[in-house]
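Participant: Next up is a structure, given as structure tokens.
The values are calculated or read from the model by the stated rules, or taken from the named source; none is laboratory data. What you see is a predicted model; the values in this text were computed from it and never measured. Here the Cβ positions follow ideal geometry from the backbone for every residue, glycine too, while neighbour counts run over all protein chains shown.
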Amino acid sequence: MIIQPRTRGFICLTAHPDGALQAVKNQIEYVKSKGKIKNGPKKVLVIGASTGFGLSSRIAAAFGSDAATIGVFFEKPASEGKMGTAGWYNSAAFEKEAHAAGLYAKSINGDAFSDDIKKQTIDLIKKDLGQVDLVVYSLASPRRTHPKTGVAYASVLKPIGQPFTNKTVDFHTGVVSDITINPVENDEDIANTIAVMGGEDWKFWIEDLKAAGVLAAGVKTVAYSYIGPELTFPIYRNGTIGQAKNDLEATVPVLNELLKDLHGVSYVSVNKALVTQSSSAIPVVPLYISLLYKVMKAKGTHEGTIEQMQRLFADRLYTENGEVALDSEGRIRIDDWEMAEDVQAEVAKYWDKVTTETLAEISDIDGYRKEFFNLFGFELEGVDYEKDTDENVKVPSIG
Ligand code: NAI
Ligand code: NA
């Protein structure tokens, strides 16, 4: 079929398999251009492997370090004339390219929060890899069913305490307007958000993997967090999602204790703000990202998810002397270029000036929009969108 983008708000309802393949190939080329990661990971489990930072982690491990990878994600193949999701096509593309390069790559599609998917993953590791030496935890989800209690939690994106008013952009129309987001009405919203995006599920994974004996000596595990500038604090770091990130970060010492006898270690990496399916759902943040992109591109310090993950592996997690640089709170910082003083000062200056009228000139809204469509396999150079494409492509290991 001929596939066109079809959007509803910050969601794109369609995805393009050929475009996904091109996007994955572009990421692979970037990783290869940086050369091999010395002492990199060899057997890697990526939880949340189909889009965003997780997909790029998988690509960096496979093509930067010749790693065998197992990817876990929650995506849909095409069915009855409906196309599959972007993450499905990304994973089909990744496996195709990995297999062509002689790399082991298998995937598991299902709810990573469930005990069943954890068990399936453990069985696959046992059967094919024996053990893994890196576990990347990169889930982003609006809801989680607790595997022990069956309680279904929904996260919310809200400030805590006071209403928050700031500028936001509709990146389709380019209209900048004020938005007021009311604070949570009760502590339950905070607790629910922590239950979905906090550290408990990461801990459950590591506990189960360890109990099954599938973690190698010296294993590393990493999960992703965000801090960002003060202007987004009310909706992000000091909001409900920030409380979940605090909980995720507080899980690090718990996992370090658990992994001690394996000489294993856990990390949270604070990543840069980037266009992904998850970040486009947060008010205010897309406008910040479009200003940030403009400033960082002008300075030559702009990175996408693949540049971030390649740098995380090569310069942080797998350094030549084995040392991992951490901030005063014990976190890896690859948001360092985003948070550089000169970058933030310029973004703040533009933030005050940005209106519907000035948006095109002072922000990289076009770059934002393009990257958003790229996430779904659209607007990639070298893809013929007029050509009939097979929406029924399979993820080879899933079928
Ligand atoms: P994303 O939406 O691109 O990726 C989410 C992944 O989780 C996908 O592979 C999806 O299939 C998987 N997933 C979701 N629910 C699942 C379930 N129930 N079972 C199995 N898989 C499931 O998100 P993104 O942005 O890459 O986020 C990953 C992590 O990075 C999150 O912790 C996020 O907070 C963090 N982060 C994101 C930043 C951003 O600007 N996008 C910045 C810094 C950190
Ligand atoms: Na991800």
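Participant: Here is a list: 95, 75. Which entry is within 21 Å of the chain's Cα centre (by Cα) and over 17 Å from residue 276 (Cβ atoms)?
Facilitator: Details: 75 fails: over 17 Å from residue 276 (Cβ atoms).
After ruling out the rest, the residue left standing is 95.
Participant: Just a yes or no: is a residue in segment 5-15 closer than 15 Å to residue 276 by Cβ, within 16 Å of ligand 1 (Cβ to nearest atom), crowded, with 24+ Cβ neighbours inside 10 Å and not charged (D, E, K, R)?
Facilitator: Within segment 5-15, one or more residues are closer than 15 Å to residue 276 by Cβ, within 16 Å of ligand 1 (Cβ to nearest atom), crowded, with 24+ Cβ neighbours inside 10 Å and not charged (D, E, K, R).
Participant: If you check 284, 270, 275, which single one turns out to be under 26 Å from residue 61 (Cα atoms) and at pLDDT below 95? Let's see the steps before the verdict.
Facilitator: Numbers: 284 fails: under 26 Å from residue 61 (Cα atoms); 270 fails: at pLDDT below 95.
When all the criteria are applied, what remains is 275.
Participant: Here's a follow-up. Could you list all residues from segment 196-243 that are small (Gly, Ala, Ser), within 13 Å of ligand 1 (Cβ to nearest atom) and touching a helix residue (DSSP H, G or I) at 6+ places or on another chain (Cβ under 7 Å)?
Facilitator: Applying the first criterion (small (Gly, Ala, Ser)) to segment 196-243 yields 198-199, 211-213, 216-218, 223, 225, 228, 239, 242.
Next cut, within 13 Å of ligand 1 (Cβ to nearest atom) only: 198-199, 223, 225, 228, 239, 242.
198, 199, 223, 225 - these are the residues of segment 196-243 that are small (Gly, Ala, Ser), within 13 Å of ligand 1 (Cβ to nearest atom) and touching a helix residue (DSSP H, G or I) at 6+ places or on another chain (Cβ under 7 Å).
Participant: Please enumerate the residues belonging to segment 28-73 that are more than 9 Å from ligand 1 (Cβ to nearest atom), without any contact (Cβ under 8 Å) to a residue 60 or more places away in the chain and either closer than 14 Å to residue 90 by Cα or not in a strand (DSSP E or B) (or both).
Facilitator: 29, 32, 33, 35, 36, 62, 63, 66
Participant: Right, something else. If you take the residues in segment 85-130 that are within 23 Å of residue 66 (Cβ to Cβ), within 14 Å of ligand 1 (Cβ to nearest atom) and among the β-branched types (Val, Ile, Thr), which one is surrounded by the most Cβ atoms within 10 Å (Cβ to Cβ)?
Facilitator: 121
Participant: Working only within segment 350-379, note down all residues that are among the basic types (Lys, Arg) and farther than 30 Å from residue 87 by Cα.
Facilitator: 353
Participant: On the basis of being outside any loop (DSSP other than H, G, I, E, B), within 16 Å of ligand 2 (Cβ to nearest atom), small (Gly, Ala, Ser) and touching a residue at least 12 places away in the same chain (Cβ under 8 Å), does residue 19 make the cut? Explain how you work it out, then say what you get.
Facilitator: Values: outside any loop (DSSP other than H, G, I, E, B): yes; within 16 Å of ligand 2 (Cβ to nearest atom): no; small (Gly, Ala, Ser): yes; touching a residue at least 12 places away in the same chain (Cβ under 8 Å): yes.
Judged against the criteria, residue 19 is not a match.
Participant: Being modelled with pLDDT under 95 and at negative phi, is that true of even one residue in segment 111-126?
Facilitator: no
Participant: Show the residue pairs that are 6+ apart or on different chains and have beta-carbon atoms under 7 Å apart, the first residue being within segment 261-278 and in contact (Cβ under 8 Å) with a residue 40 or more places away in the chain and over 30 Å from residue 372 (Cα atoms), the second being among the aromatic types (Phe, Trp, Tyr) and more than 6 Å from ligand 1 (Cβ to nearest atom).
Facilitator: From residues that are in contact (Cβ under 8 Å) with a residue 40 or more places away in the chain and over 30 Å from residue 372 (Cα atoms), there are no pairs.
Participant: Follow-up question, since we're still on this one. Please go through segment 363-381 and pick out each residue that is surrounded by fewer than 19 Cβ atoms within 10 Å (Cβ to Cβ) and assigned to a helix (DSSP H, G or I).
Facilitator: 366, 367, 369, 370, 373
Participant: Could you grab me the full set of residues in segment 216-229 that are away from ligand 2 (no atom under 15 Å from the Cβ), farther than 17 Å from residue 61 by Cα and surrounded by 16 or more Cβ atoms within 10 Å (Cβ to Cβ)?
Facilitator: Matches in segment 216-229: 227, 228, 229.
Participant: Could you tell me which numbered condition residue 297 fails, if it satisfies all but one of (1) under 25 Å from residue 141 (Cα atoms); (2) touching a residue at least 60 places away in the same chain (Cβ under 8 Å)?
Facilitator: The number of the failed condition is (1).
Participant: When segment 124-148 is examined, which residues are found to be in a helix (DSSP H, G or I), within 15 Å of residue 215 (Cβ to Cβ) and among the charged types (D, E, K, R)?
Facilitator: 126
Participant: Listed residues 95, 75; which is in contact with a helix residue (DSSP H, G or I) (Cβ under 6 Å, 6 or more places away or on another chain) and at pLDDT 95 or above?
Facilitator: Just a single option satisfies the conditions, and that option is 75.
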